[in-house]
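These notes are about the structure you will find just below.
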Amino acid sequence: VQLQASGGGLVQPGDSLKLSCELSGRPFTNYNMGWFRQAPGKEREFVACMRLTSASIYYADSVKGRFTISRDNAKNTVYLRLNSLKPEDTAVYYCAAGTYYSNTAHQVHYDYWGQGTLVTVSS
């Protein structure tokens, strides 16, 4: 399984971005998909995750109401829409795929990780 993340960049506070992550090598519908991030000098943390459909979606409290996770199973791609960005959202964002039996925010339950895409929020 390979995960290819893209869409990061340098934006100003209040701006929006849409991150994408394409999975290849196995059927996309086998996997829960998650987004995590790692800010400079900090540990990697959970951002959002979803199972096959939108019936099960979790968000970190810090992004709830601003970020939206979605997936297009026909395109083998998971997305993360980032709205109302803040400087504290600056981080490398990673997508991950896992086969845990339920939707999960725990990194240990994800088997495959993308290379990360950098989001920088600065005026």
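The values are calculated or read from the model by the stated rules, or taken from the named source; none is laboratory data. Since we're looking at a predicted model, the values are computed, not measured. Don't worry about glycine lacking a Cβ; one is built from the backbone with ideal geometry, like all the others, and counts go over all protein chains shown. Protein only, heavy atoms only, side chains kept; ligands, DNA and RNA dropped before computing areas. Shrake-Rupley method; radii C 1.70, N 1.55, O 1.52, S 1.80 Å.
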Within segment 54-98, how many residues are more than 17 Å from Ser20 (Cα to Cα) and among the basic types (Lys, Arg)?
-> 2
Matching residues, segment 85-104, being part of a loop (DSSP other than H, G, I, E, B) and either closer than 15 Å to Leu52 by Cα or among the hydroxyl-bearing types (Ser, Thr, Tyr) (or both) | Thr90, Thr99, Tyr100, Tyr101, Ser102, Asn103, Thr104
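Every residue, every condition in (1) modelled with pLDDT under 95; (2) of a type in the set (Gly, Ala, Ser); (3) open to solvent by 70 Å² or more (accessible area, probe 1.4 Å), yes or no:
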{"residue": "Gly8", "(1), (2), (3)": "no, yes, no"}
{"residue": "Val11", "(1), (2), (3)": "no, no, no"}
{"residue": "Glu22", "(1), (2), (3)": "no, no, yes"}
{"residue": "Trp35", "(1), (2), (3)": "no, no, no"}
{"residue": "Asp61", "(1), (2), (3)": "no, no, yes"}
{"residue": "Lys64", "(1), (2), (3)": "no, no, yes"}
{"residue": "Trp113", "(1), (2), (3)": "no, no, yes"}
{"residue": "Thr120", "(1), (2), (3)": "no, no, no"}
How many residues of segment 1-39 are farther than 19 Å from Lys75 by Cα, among the charged types (D, E, K, R) and not in a loop (DSSP other than H, G, I, E, B)? The answer is 1
Of the criteria (1) buried (at least 16 other Cβ atoms within 10 Å of the Cβ); (2) modelled with pLDDT under 95, which one Ala55 fails = (1)
